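Derivation of every value follows stated rules applied to the coordinates shown; laboratory data play no part. Only a predicted model underlies this, so the values are computations on that prediction, with no experimental measurement involved. Positions of Cβ are generated from backbone atoms using ideal geometry, with glycine treated the same way; all protein chains shown enter the neighbour counts.
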Amino acid sequence: MLWNMLQSIPSKREKGFSLVGVLMSLGVMAVAFVPLLGMLPLTLSLFRNSMDTAIGSQIAQKIINEAIQTDFDTLIDNAHLKRDSSGDVTPANFTFREPYRYFDDQGNELPDATRAVFHVLTRINPQVPLPSIGSNQDLRNLAQVTVQVIRNPGNQTIPLIENHDSDQSIPLRNLVDPARKIPTYTAVALVPRNQ
């Protein structure tokens, strides 16, 4: 009983936090949180870039699948291709592109660019120049489809590398100029003629 009475007597020193201890703890937490808060914009930017890449690859795969399922002569626009006397495609028509297609931030196709986040440019080479084959004769049954998914929510003018008709060695002609640093996802596929 005496022991219980002694325990109920308040001691001279109260238990609790001192003001100095609380201020020191707040200071340590502030020093730790400031760098973390500084990393927040970078983290959000990286997250947005990874989402754009995922959606861009999904859109590009959809376009490539459509190209594979399209009749080969329709894909390369064979009715309008100009060929030289040997049957090869002339340089002026070697590369052409379809009109832009537009997609929202979820990868759904839209009818126009008013609410579009992604603009898609499709370029088709109807006769693929491969270094291992000496003649283009064997390449008339193979087309190269290049799909560029451009993040363009503001519907800005997209700068393209001009078509140099006399120089077929420029692999990026009629595509987005990489010097402009526009966020672009590019996918390339070879599409054979289905016999």
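Details
- Charge context of Thr157, other residues only, Cβ under 12 angstrom, K/R +1, D/E -1: 0
- For Leu110, distant residues with modelled amide H under 5 Å away: Tyr102, Phe103, Asp104
- Residue-by-residue Karplus 3J(HN,Hα) for segment 62-72, coefficients 6.51, -1.76, 1.60, Hz, glycine and proline x: 5, 5, 5, 4, 5, 5, 5, 7, 7, 4, 4
- Built amide H within the under 5 Å cut-off of Asn152, gap 5+: Phe118, His119
- Proximity of backbone amide H atoms, modeled 1.01 Å from N, is registered between Arg83 and Thr90 at under 5 Å, excluding neighbours fewer than 5 places apart on the same chain.
- Per-residue 3J(HN,Hα) values for segment 16-30, derived from phi via the Karplus relation 6.51 cos²θ - 1.76 cosθ + 1.60 with θ = phi - 60°, read x, 9, 8, 5, 5, x, 5, 5, 5, 5, 5, x, 5, 5, 5 Hz in sequence order (x marks Gly and Pro).
- The order of the peptides 149-156, 79-86 by mean Cβ neighbours within 10 Å, most packed first, is 149-156, 79-86.
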